[in-house]
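Bear in mind these aren't lab numbers, they're just calculated from the coordinates by the rules spelled out. Since this is a predicted model, take the numbers as computed values, not measurements. Heads up, the Cβs are rebuilt from the backbone with ideal geometry, glycines too, and the neighbour counts pull from every protein chain shown.
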Amino acid sequence: MAVDTHPAAPHRHVAVQEADFDLGAEVAALREGDMGIGAVASFVGTVRAWGGVPHVSHVPVGDGEPLTDPAAGPSLVLEHYPGMTERTIEAMVDEAIQRFALRGARVIHRVGPLALGDQIVLVCVSAPHRRAAFEGCEFLMDWLKTQAPFWKKEVSALGSQWVDAREQDDAALARWGAVPAANVPGPTASTTPSEPRCQTTKEHGA
């Protein structure tokens, strides 16, 4: 493996896909060949149950403890604008690389139907030092939660609903100061009747 402490350009990878991802493989790809990396920080968001509502992927058994049944149906459905979504995320990755002097960043966001426990999003960044890596990763997640052009529908045994961003997510983004906004239209009327503001998935634990 070639040793490179001064790459010609920061590593950048953005993908929007239905397929799952492997954290170890993504970290390895981020680090490959760059000996100037001193820290890697990553975040993986997953689907969890929320609101005390029985989700279609929960089947009560025994004394009421839920049994996850992936075949029962999705808990989230994620939609996006192909092409536009990737370009918008790429622009924010470039912003993070410049703002925090990152060596590289990889962002993967899944779309389509997702069941409880599924991985939703990966943000992985590299930097010479840990503080820049932590801050770069957190900055990108705060932006993705509120500004990225995705739309989320929560699905439960009682029905489904489109979900808007939460106030605490807006507050998290605001602490970074001026951040470029993602100016995209909402879903079409054929997709959803309420046209919620664009935002990403409920990465529970974020």
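Computed from label points 7 Å out along Cα-Cβ, the spacing between Arg31 and Arg12 is 2.4 nm.
Full extension of the segment from Ala101 to Phe134, taken as 0.36 nm per residue of separation minus the current Cα-Cα distance, would add 10.7 nm. When the range 76-164 is described by a simple charge dipole with +1 on each Lys and Arg Cβ and -1 on each Asp and Glu Cβ, the residue from Pro82, Ala101, Gly112 located farthest towards its positive end is Ala101.
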